[in-house]
Amino acid sequence: MAKRFWDEAAETMARPELEALQLERLREAVGQALKTSFYKPRLEGIGISSPGDVRSLADLARIPFTTKDDLRRAFPYGMLAADRRDVVRMHASSGTTGIPTVIYLTAGDVARWTGFLARSLNATGADSNDVFQNMMTYGLFTGGLGMHYGAEKVGMMVIPVGPGNASRQLKLMKDFGTTTVHATPSYLLHLHSKLAEEGIDPRDLELKRAFCGAEPYSEDTRRKIEALYGIEVFNSYGLSEMNGPGVAFECERRDGMHLWEDGYILEIVDRDSLEGVKDGAMGEIVLTILCREAMPILRYRTRDLSSVYPGECPCGRTHRRIARIMGRTDDMLIINGINVFPSQIEEVIMAMPEVGNNYLILVEKDGALDRLTVKVEIGPLAFADDSRPLNALRDRIRDRLQASISINPRVELHEPGMLPVSEGKAKRVVDERTRI
Ligand code: ADP
Ligand code: ZN
């Protein structure tokens with residue numbers, strides 16, 4: 001049986017205690033960082049040459065941010081704080097935005113990461129009654145193995161299938177009575193179209209929950225997946241630099257993701273000034289990982305945009321919640337001078353019931369101007385002989401988009417299955433302007 005808490009003392013720790021623990025662990029993290037060729041000169045340069053030089057949590061703000069470029073510059077071993085012989089695992093980011101970055105874990109690091117995942121999964125109600133099909137990529141990407149270890153820890157039976165091959169996924173789900181899956185939201189939408197093709201009613205499956213993350217998705221997309229399968233979808237956030245999944249996870253309330261503050265120090269900073277913002281305000285997530293022996297990272301600029309939920313969660317966990325990730329700072333498109341996040345487009349189209357399971361955003365040059373085209377798959381029934389309803393739908397999508405993003409896009413409607421699907425993170429934006 002899933003317990004109310006996996007680790008009650010840690011999950012419900014009162015704020016002052018939690019902050020005292022953070023300070024103690026920050027000192028340890030700084031101690032580890034001082035062992036690395038990357039951080040040593042950086043920290044000494046600001047007068048931190050031993051862990052004791054960190055006197056309060058406020059001292060964190062003196063430490064410079066760490067960026068993805070820093071990680072690349074420190075490649076391969078510049079940020080390694082442990083003896084190489086104590087490292088038992090490495091992972092790498094999926095490289096969505098360039099050369100992948102590498103992280104290292106000792107056996108203790110793997111155990112601690114697994115612990116954060118176990119507490120996350122337990123909070124969703126998952127336990128040894130569950131059969132867990134992990135549709136995320138195994139290998140260097142952290143979503144496969146990371147989640148795998150956490151799922152075993154809470155006692156689920158794991159089917160380590162990895163992504164792709166929809167027919168096989170469906171067969172496994174049927175044969176073994178899968179109750180829980182881990183996948184990108186775009187893949188679950190795609191899989192649903194396959195169910196329909198194979199004449200399977202998702203309600204005949206044993207499925208009851210999904211962990212969805214690795215890419216931004218809107219609340220409407222969550223609701224859509226929940227309705228299509230008759231399940232609960234839990235938002236899962238993580239990034240390889242911070243171990244991977246298990247950084248923040250939704251509890252049974254599915255209302256914001258608890259960020260495990262005994263493992264990470266959370267800051268949200270203004271995108272331009274890089275100053276901390278007030279709770280509730282949108283900004284870039286900056287994270288310090290507290291309990292990683294092999295590879296400390298201090299004040300990492302994730303480039304992910306979110307905000308802190310004000311108030312406490314009724315579930316009793318005291319760790320603050322973050323809002324759904326709006327996108328990455330580097331996702332932002334500038335179209336004829338107007339800033340647009342792909343998530344704003346998704347929010348509009350996925351709120352419309354006629355819209356199907358996939359879409360694509362295309363930006364091109366049209367003379368001196370930029371042209372935005374939104375390609376949208378619609379439900380199978382919509383392609384009837386009469387084109388009037390289709391034209392009306394197209395106009396409606398265009399008008400709603402224009403109202404939301406102040407750009408008048410071209411809208412193309414497509415039949416189900418006509419737009420490209422990716423097995424891992426969805427590639428929703430094609431920006432032809434950057435092609436030479
Ligand atoms: P990358 O994609 O940078 O190569 P990772 O494979 O580590 O590296 O992916 C981590 C990134 O995936 C996060 O920084 C974030 O942008 C995105 N991500 C992860 N979980 C979520 C989520 N639940 N919602 C939105 N975006 C997410
Ligand atoms: Zn909660």
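The values are calculated or read from the model by the stated rules, or taken from the named source; none is laboratory data. It should be emphasised that the depicted structure is a prediction, and the values quoted were computed from it without experimental measurement. Ideal geometry is used to build each Cβ from the backbone, glycine not excepted, and the neighbour counts take in all protein chains shown. Accessible surface areas use protein heavy atoms only, side chains included; no ligands, DNA or RNA. Shrake-Rupley method; radii C 1.70, N 1.55, O 1.52, S 1.80 Å.
Might you let me know whether the stretch 274-283 holds any residue that is part of a loop (DSSP other than H, G, I, E, B), within 16 Å of ligand 1 (Cβ to nearest atom), assigned by TED's automatic domain parsing to the domain that holds A61 and open to solvent by 20 Å² or more (accessible area, probe 1.4 Å)? Can you show your working first?
As a first pass, look at the stretch 274-283 and keep what is part of a loop (DSSP other than H, G, I, E, B): 274-275, 277-282.
In the following step, the residues that additionally are within 16 Å of ligand 1 (Cβ to nearest atom) were identified as 282.
Next cut, assigned by TED's automatic domain parsing to the domain that holds A61 only: 282.
Then keep just the ones that are open to solvent by 20 Å² or more (accessible area, probe 1.4 Å); that gives 282.
Yes, the stretch 274-283 has at least one match.
Against the test of being open to solvent by 20 Å² or more (accessible area, probe 1.4 Å) and either basic (K, R) or not in a helix (DSSP H, G or I) (or both), the options V233, V181, V161 yield a single qualifying residue, V161.
Condition (residue is touching a residue at least 40 places away in the same chain (Cβ under 8 Å), more than 16 Å from ligand 2 (Cβ to nearest atom), under 17 Å from the mean Cα position of the chain (by Cα) and under 26 Å from G316 (Cβ atoms)) applied to the stretch 202-225: is it met by at least one residue? Yes, the stretch 202-225 contains a residue that is touching a residue at least 40 places away in the same chain (Cβ under 8 Å), more than 16 Å from ligand 2 (Cβ to nearest atom), under 17 Å from the mean Cα position of the chain (by Cα) and under 26 Å from G316 (Cβ atoms). Put simply, of S186, S167, S193 the only residue that is among the hydroxyl-bearing types (S, T, Y), part of a helix (DSSP H, G or I) and surrounded by fewer than 18 Cβ atoms within 10 Å (Cβ to Cβ) is S167. Across the stretch 236-256, the number of residues qualifying as touching a strand residue (DSSP E or B) at 6+ places or on another chain (Cβ under 7 Å), among the acidic types (D, E) and either assigned to a strand (DSSP E or B) or away from ligand 1 (no atom under 12 Å from the Cβ) (or both) comes to 1.
What about R209, is it surrounded by fewer than 16 Cβ atoms within 10 Å (Cβ to Cβ) and farther than 13 Å from A426 by Cα? In short, no. Of all residues in the stretch 250-273, those that are within 16 Å of ligand 2 (Cβ to nearest atom) and open to solvent by 20 Å² or more (accessible area, probe 1.4 Å) total 4. Checked against the criterion of being at negative phi and out of contact with any helix residue (DSSP H, G or I) (no Cβ under 9 Å at 6 or more places or on another chain), the stretch 296-307 has at least one qualifying residue.
From the set of residues in the stretch 132-158 that are assigned to a helix (DSSP H, G or I) and open to solvent by 10 Å² or more (accessible area, probe 1.4 Å), which is nearest to ligand 2 (Cβ to nearest atom)? Among residues in the stretch 132-158 that are assigned to a helix (DSSP H, G or I) and open to solvent by 10 Å² or more (accessible area, probe 1.4 Å), the one nearest to ligand 2 (Cβ to nearest atom) is K153.
Yes or no, residue by residue, for (1) within 16 Å of ligand 2 (Cβ to nearest atom); (2) of a type in the set (A, V, I, L, M, F, W, C); (3) touching a residue at least 12 places away in the same chain (Cβ under 8 Å):
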{"position": "I285", "(1), (2), (3)": "no, yes, yes"}
{"position": "E293", "(1), (2), (3)": "no, no, yes"}
{"position": "R301", "(1), (2), (3)": "no, no, yes"}
{"position": "C315", "(1), (2), (3)": "yes, yes, yes"}
{"position": "T318", "(1), (2), (3)": "yes, no, yes"}
{"position": "A323", "(1), (2), (3)": "yes, yes, yes"}
